[in-house]
Each structure stands twice: as structure tokens, then as C-alpha cells.
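Report on one structure; see the data block that follows.
The values are calculated or read from the model by the stated rules, or taken from the named source; none is laboratory data. Small disclaimer: the values here were computed from a predicted structure and weren't measured. FYI the Cβ positions are ideal-geometry reconstructions off the backbone, even for glycines, and counts take in every protein chain you see.
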Amino acid sequence: MPLSATLAASPGIYFGTGDGPESGPFVSRIDVKRLPNGGISIDYEATSREQGVQHREHSLLAPGPDGRDRLYIAHSEAPFVTEMIAIEANSGRFVQAQPAGPLVMEVVVEVPEPGRITYAWWWARGEDAPTEQSKADARIVDQ
């Protein structure tokens, strides 16, 4: 099942924690809402006591015409919207449609069990392969 359909079946607010080599420990809030086209919106925020708001994003996840989901991310670290494409149908691993800027990015979203989301940012500079830099693990608290 496409990730967009899986998440559309479990809208709500997810809270959790996260960590990573770039981010360090943080608290995450992920708000998942259904869209009229079978897609979803995702509002994601990572905060920490030391750094305050570390990352904010508003994303749209929608089915694409080729069976692969599309993820459009407006986030606090870029002046433009990033278009990501699932590497294959039913995958939660998204790669940039066209690399832009100094980083090669991937986003990996998984639903390991109902009511739980993991959301990871991977990136690297130049020709290096992206590695996981930050990952949130959150559970639904509101449906």
C-alpha cells in the first residue's frame, strides 16, 4: 500500500523523540491531515531545550500518476520547496526529483505499526551518498 494511503488512514497528531548526528536529541510533533485527493499534509516540528525550534516543515504527500508517491517539502532550511519522489511504489524512501543546492537529500518515512511514524532526514554534500542525520520516532496521541 502506498505510504500516502497508509497515513491517510491514521490522521492525527504524533509526538515523540528523535536524535541524530546533525540534530542531537529533540522532541518531535508531526500533524498528519487528509487531503481531498487521497494525499495528506504533514506539519513536522523538531525542538530541543538547548536549541529551541531546530526544524519546521510543511509537506504534501500525494499519489503520483506512475504509482509512486510524491513528497513536496517546504522546510526551514531551504528557500524553495523540495520535490521528492518515492524510489518505488509502496516505498517510504524519497529522493530528490532534481538535486538543488549543496546537499543531496533523502527522506525516509515509515509506519512500523499502526499509530507510529518514523521520519528521518538523510543528506550529504557533493557526490557523497546521503546518510541518516536526524530521525524522529512518534506515536499518535490525537485522532
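Taken over segment 56-66, the residue count meeting the criterion of being among the acidic types (Asp, Glu) and either in contact with a strand residue (DSSP E or B) (Cβ under 6 Å, 6 or more places away or on another chain) or part of a strand (DSSP E or B) (or both) is 1. Answer with yes or no whether His58 is surrounded by fewer than 17 Cβ atoms within 10 Å (Cβ to Cβ) and under 15 Å from Tyr119 (Cβ atoms). So His58 passes the test. Every condition in (1) modelled with pLDDT of 95 or more; (2) out of contact with any Lys or Arg (no Cβ under 8 Å at 6 or more places or on another chain); (3) within 26 Å of Gly24 (Cβ to Cβ) holds for Ala138 except the one numbered (2).
Looking across segment 35-53 at every residue that is exposed (fewer than 15 other Cβ atoms within 10 Å of the Cβ) and among the charged types (D, E, K, R), the one that is nearest to Arg70 (Cα to Cα) is identified as Asp43. Among residues belonging to segment 9-31 that are among the hydrophobic types (A, V, I, L, M, F, W, C) and buried (at least 21 other Cβ atoms within 10 Å of the Cβ), point out the one that is farthest from Ala124 (Cα to Cα). Selected residue: Ile30. With the requirement that a residue be in a helix (DSSP H, G or I) and either touching a Lys or Arg at 6+ places or on another chain (Cβ under 6 Å) or hydrophobic (A, V, I, L, M, F, W, C) (or both), what does segment 1-55 give you? Listed by number, the residues that qualify are Leu3, Ala5, Leu7, Ala8.
Checking Phe15, Phe80 one by one, the residue that is touching a residue at least 60 places away in the same chain (Cβ under 8 Å) and of a type in the set (Phe, Trp, Tyr) is Phe15 and no other. Of all the residues in segment 69-84, those that are surrounded by fewer than 17 Cβ atoms within 10 Å (Cβ to Cβ), in a strand (DSSP E or B) and of a type in the set (A, V, I, L, M, F, W, C) number 1. Considering only residues in segment 108-142 that are in a loop (DSSP other than H, G, I, E, B) and not charged (D, E, K, R), the one that is farthest from Asp69 (Cα to Cα) turns out to be Gly126. When Ser91 is tested against the conditions (1) farther than 23 Å from Ala5 by Cα; (2) hydroxyl-bearing (Ser, Thr, Tyr); (3) out of contact with any strand residue (DSSP E or B) (no Cβ under 7 Å at 6 or more places or on another chain), the lone failure is (1).
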